[in-house]
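The values are calculated or read from the model by the stated rules, or taken from the named source; none is laboratory data. Source: prediction; values computed, not measured. Don't worry about glycine lacking a Cβ; one is built from the backbone with ideal geometry, like all the others, and counts go over all protein chains shown.
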Amino acid sequence: MSYKIEIQNLSAWFGSKQVLQDITMKIKENIVTAIIGPSGCGKTTLIRCLNRMHELTSGAKVTGRVLLDGEDIYSENVDPVTVRRRIGMVFQKPNPFPMMSIYDNTAAGLKLNGVADRHRLDEIVEKSLRAAHLWNEVKLELGKSGASLSGGQQQRLCIARALAIEPEVILMDEPTSALDPTAAAKIEQLIRVLAEDYTVIIVTHNMQQAARVSDFTAFLYLGRLVEYGSTKDIFENPKSELTEKYITGEFG
Amino acid sequence: MRSYRFRKLQNRIMISLAYVALIIALIPLASILIETINRGLSAMSFSLLFEEIPPLGQPGGGIGPAIQGTLIVVALASIMGIPIGVFSGIYLAEFRQSHIASVARFLNDVLTNVPSIVLGIFGWALIVVAIGWSVIAGAVALAIMMIPIVTRTTEEAIKLVPMTIREAAIALGVPQWKTTLTVVLSSAKKGIATGILLAVARISGETAPLLLTILGSRFWFNGFTQPTAALPLAIFNFSQSPFRAVDLPRAWGASLILIFIVLAINIIVRYATKEKYG
Amino acid sequence: MSRIIDVGLEELSVLLCRMGELTYETVSLSLKGCLSGTKVYSQVREMSDALVSMSDQAEDKTFELIARFQPVASDLRTIKSYMKIAYDFARYSRYALDISYINEQLGGLKECEEWISEYIEKMSEKVLNMVRTSIDSLRSHNTELAKSIAKTEQEVDKMYFGYLDRLIEKAPATSKCTISSVLIIRYLERIADHATYICESVVYLATGEKVTLR
């Protein structure tokens, strides 16, 4: 198993406030890696650095390297737009484009990037909706508004939309926080299935979710990487006392 | 218990006051509409709409050229003003922090409050002096009037588009400029259309700039570099004419038509930007 | 879509089935060796060690499932039962080892009086059947089959005490036979007990009912 993403000495700032301190970790391919930690520990900032979305905020700064298949995505000649086509993202609150149909939402990434061939779009839309386990529920209503779906379905639509551009990595920022438990469980099962074809990195404030869903877990605290290991080890026998305290609920 | 009843009474008094205020506010509006519709309808006829403007006091004829003139000048002004206004609004919304943006925003706000007659003089000095009383001069003056309104409302409409929609598009690998021009603009289109409507409705009824630019005429449209008639001017002239019996009804008719045009624009634009999914 | 925990449960179930088959082989081999006098100690040792290690693996897996997946209801009962059963399977093999050790050290039952080896052969058959029953009832979560072991358990118990009585009565000459046969029959009885425990766990796993099949 190889490392899809290598993070080397990554630090990030919002203006003068440093939010990430010298993070170094290697993320394996085709597994689910979870990032956990109390509020404000920098986990969302960390994944937003992986697809170069952190820098969109005014005053944001990043130093360090992030290697995708060995190449630094922050190097001078790399266009952030191409990085984001290889590393997709799903957000906490489902955000389908409100004025587009389910079909158009799924195909949005492709259409906005110039793909016009109807045939190819049809194919990819179906493939993506199937991969997001949403096809059977919407196949007869592809023209309906994306916003007319339930919360869980909307999130799966957003996942389908992200899958349609055929990324290699999928970042998920607390993907089930805004959903009810049943919908959340469906997404968790979906995440495990997705890991077979993609490298999935998920941020979650729900430790039990990280325990269920991930193969590797990273624990962040106040911007530092405290511990990183297999989920089994982290949850049965963490090496750091801080990790133990967080996991057993003593703080956070 | 006593204070509860007192509070209920207070509540009722407040609500009643609010209602009364509302009615008072609506009275002028209602009476304008009612008067205009009443008197305008009685002056309405086929010939009113389609015949040439007769000299003051002469019966017969209509205000056809005025209708045509208004439509042409407003259309030309819109063609010039809307794109400039919308793109300025987009610029201000997207480059919020830049120095140019702050300066531009300030100038924009000032321009919104410039008296329309000043814009008229500007149009006169710029164009009439060069090429004479003309439709172009009028359109330019009205366009300058339109731009700040459209710019401001476009900027607001775009600012209202939630960050989540932008982020969703950017995360799909869509460059920022494309995100703005497609997804963001699409989301904001209702707001932008409303702004445009406001602006168009506003300029349709402006009289002062037209006085100093298109001059007015009794005849049909004759070329962009020639003067032309317009409804506000027609209303002004007819209502001030000494031949009240003949001309006043024409003024009311013109008023009704003007209101009708604005209403029609309203409905058309709302329909065109109707959200497919309400 | 199956639940995330199902993958882990399946792994555990497969591990237990493998343990079941291996432990049956172990007990069967040991008993055959002891009745026919062949030296099987090292083989049995190897198999028993493998089973102990598999039991540790199963325990490990159980704890991982609990830590990671917060199992409840039937999942939790299943995991609890699996852990106990894995331990019981390992115990089978330890008793089989003890039996083949006696065989190795004291020469087994071939040189003993016929009635002794016949008696023990009969009891071995019964006990081996109980082992088979326990494994089969686990594989298919068959509560009927599991409960049927109660009858055989009583028979084996009777045979155990019956033998002790006969021995006291007959007081045979060779002391080697006395000691080895008593020890072997004791281990056989313990194997039978564990078979019963396993079946009780199967019933608990399937129905949530805690029964006593002794």
How many residues does segment C:163-184 hold that are under 16 Å from C:V27 (Cα atoms) and crowded, with 23+ Cβ neighbours inside 10 Å?
-> 1
Only one of (1) under 17 Å from B:T164 (Cα atoms); (2) in contact with a Gly (Cβ under 7 Å, 6 or more places away or on another chain) fails for A:M172. Which number is that?
-> (2)
Scan segment B:193-243 residue by residue and report those that are surrounded by 20 or more Cβ atoms within 10 Å (Cβ to Cβ) and β-branched (V, I, T).
-> B:I196, B:V200, B:I203, B:T213, B:I214, B:T228, B:I235
Conditions: (1) within 23 Å of B:I131 (Cα to Cα); (2) assigned to a loop (DSSP other than H, G, I, E, B). B:P209 meets all but one. Number of the miss?
-> (2)
What number of residues within segment A:20-42 are basic (K, R) and over 19 Å from A:Y74 (Cα atoms)?
-> 1
Could you tell me which residue of segment C:94-120 is nearest to C:K158 (Cα to Cα), considering only residues that are of a type in the set (A, V, I, L, M, F, W, C) and assigned to a helix (DSSP H, G or I)?
-> C:I120
Qualifying residue in segment C:138-155 (condition: in a helix (DSSP H, G or I), of a type in the set (A, V, I, L, M, F, W, C), touching a helix residue (DSSP H, G or I) at 6+ places or on another chain (Cβ under 9 Å) and over 15 Å from C:E200 (Cα atoms)) | no
When segment B:210-254 is examined, which residues are found to be among the charged types (D, E, K, R) and touching a Ser or Thr at 6+ places or on another chain (Cβ under 6 Å)?
-> B:D247
Just give me the residues in segment C:120-133 being surrounded by 20 or more Cβ atoms within 10 Å (Cβ to Cβ) and either touching a Phe, Trp or Tyr at 6+ places or on another chain (Cβ under 9 Å) or not hydroxyl-bearing (S, T, Y) (or both), in sequence order.
-> C:I120, C:M123, C:V127, C:M130, C:V131
Residues (within 21 Å of A:E6 (Cβ to Cβ), outside any loop (DSSP other than H, G, I, E, B) and either within 14 Å of chain C (Cβ to nearest Cβ) or not small (G, A, S) (or both)) located in segment A:211-232 | A:F216, A:T217, A:F219, A:L220, A:R224, A:L225, A:V226, A:E227, A:Y228, A:G229, A:S230, A:T231
Got at least one residue in segment B:172-194 being of a type outside the set (V, I, T), more than 12 Å from chain A (Cβ to nearest Cβ) and in a helix (DSSP H, G or I)?
-> yes
Kindly indicate the residue of segment A:70-92 that is of a type outside the set (V, I, T), within 18 Å of A:M25 (Cβ to Cβ) and in a strand (DSSP E or B) and also nearest to the other protein chains (Cβ to nearest Cβ) among those meeting that condition.
-> A:E71
Which of the residues belonging to segment B:153-165 are within 13 Å of chain A (Cβ to nearest Cβ) and either hydroxyl-bearing (S, T, Y) or in a helix (DSSP H, G or I) (or both)?
-> B:L160, B:M163, B:T164, B:I165
Which of the residues that make up segment A:45-71 are within 13 Å of the chain's Cα centre (by Cα) and under 17 Å from A:K17 (Cβ atoms)?
-> A:T45, A:L46, A:R48, A:C49
Of the residues B:A101, B:A137, B:A168, which single one is buried (at least 23 other Cβ atoms within 10 Å of the Cβ), within 14 Å of chain A (Cβ to nearest Cβ) and out of contact with any His (no Cβ under 7 Å at 6 or more places or on another chain)?
-> B:A168
Could you tell me whether any residue of segment A:233-242 is in contact (Cβ under 8 Å) with a residue 12 or more places away in the chain, part of a strand (DSSP E or B) and of a type in the set (A, V, I, L, M)?
-> no
Among C:E64, C:E11, C:E59, which is buried (at least 17 other Cβ atoms within 10 Å of the Cβ), in a helix (DSSP H, G or I) and within 14 Å of another protein chain (Cβ to nearest Cβ)?
-> C:E64
Breaking point among (1) surrounded by fewer than 16 Cβ atoms within 10 Å (Cβ to Cβ); (2) more than 10 Å from chain B (Cβ to nearest Cβ); (3) of a type outside the set (S, T, Y), for A:L56 | (2)
Any chance A:S101 is at pLDDT below 95, within 13 Å of chain B (Cβ to nearest Cβ) and in contact with a Lys or Arg (Cβ under 9 Å, 6 or more places away or on another chain) | yes
Specify which of the listed residues (C:C199, C:C177) is part of a helix (DSSP H, G or I), in contact with a helix residue (DSSP H, G or I) (Cβ under 8 Å, 6 or more places away or on another chain), under 21 Å from C:A90 (Cβ atoms) and not aromatic (F, W, Y).
-> C:C199
Please go through segment B:49-62 and pick out each residue that is within 26 Å of the chain's Cα centre (by Cα) and within 13 Å of B:F238 (Cα to Cα).
-> B:I53, B:G62
Could you identify the single residue in C:R18, C:R77, C:R91 that is more than 16 Å from the chain's Cα centre (by Cα), basic (K, R), farther than 23 Å from A:T231 by Cα and in a helix (DSSP H, G or I)?
-> C:R77
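Here's the yes/no breakdown for (1) acidic (D, E); (2) part of a helix (DSSP H, G or I); (3) farther than 17 Å from C:I85 by Cα:
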site: C:D157; (1), (2), (3): yes, yes, yes
site: C:V182; (1), (2), (3): no, yes, yes
site: C:I191; (1), (2), (3): no, yes, no
site: C:H194; (1), (2), (3): no, yes, no
Assess whether B:I15 counts as being surrounded by 10 or more Cβ atoms within 10 Å (Cβ to Cβ) and either in a helix (DSSP H, G or I) or touching a residue at least 12 places away in the same chain (Cβ under 8 Å) (or both).
-> yes
Take segment C:57-93 and flag every residue that is under 17 Å from C:E10 (Cβ atoms) and in contact with a His (Cβ under 7 Å, 6 or more places away or on another chain).
-> none
Residue by residue through segment B:236-247, note down the ones that are touching a helix residue (DSSP H, G or I) at 6+ places or on another chain (Cβ under 7 Å) and either over 20 Å from B:L211 (Cα atoms) or in contact (Cβ under 8 Å) with a residue 40 or more places away in the chain (or both).
-> B:F238, B:S241, B:D247
Checked B:I127, B:I170, B:I131 against criteria (in contact with a Lys or Arg (Cβ under 8 Å, 6 or more places away or on another chain) and either of a type in the set (V, I, T) or in the same structural domain as B:L71 (by TED's automatic domain parsing) (or both)); the one match is B:I170
Segment B:233-246, residues that are touching a Leu at 6+ places or on another chain (Cβ under 6 Å) and assigned to a helix (DSSP H, G or I) | B:L233
Which of the residues spanning segment A:170-208 are under 21 Å from A:S39 (Cα atoms), under 14 Å from the mean Cα position of the chain (by Cα) and of a type outside the set (D, E)?
-> A:L171, A:M172, A:P175, A:T176, A:S177, A:I201, A:I202, A:V203, A:T204, A:H205
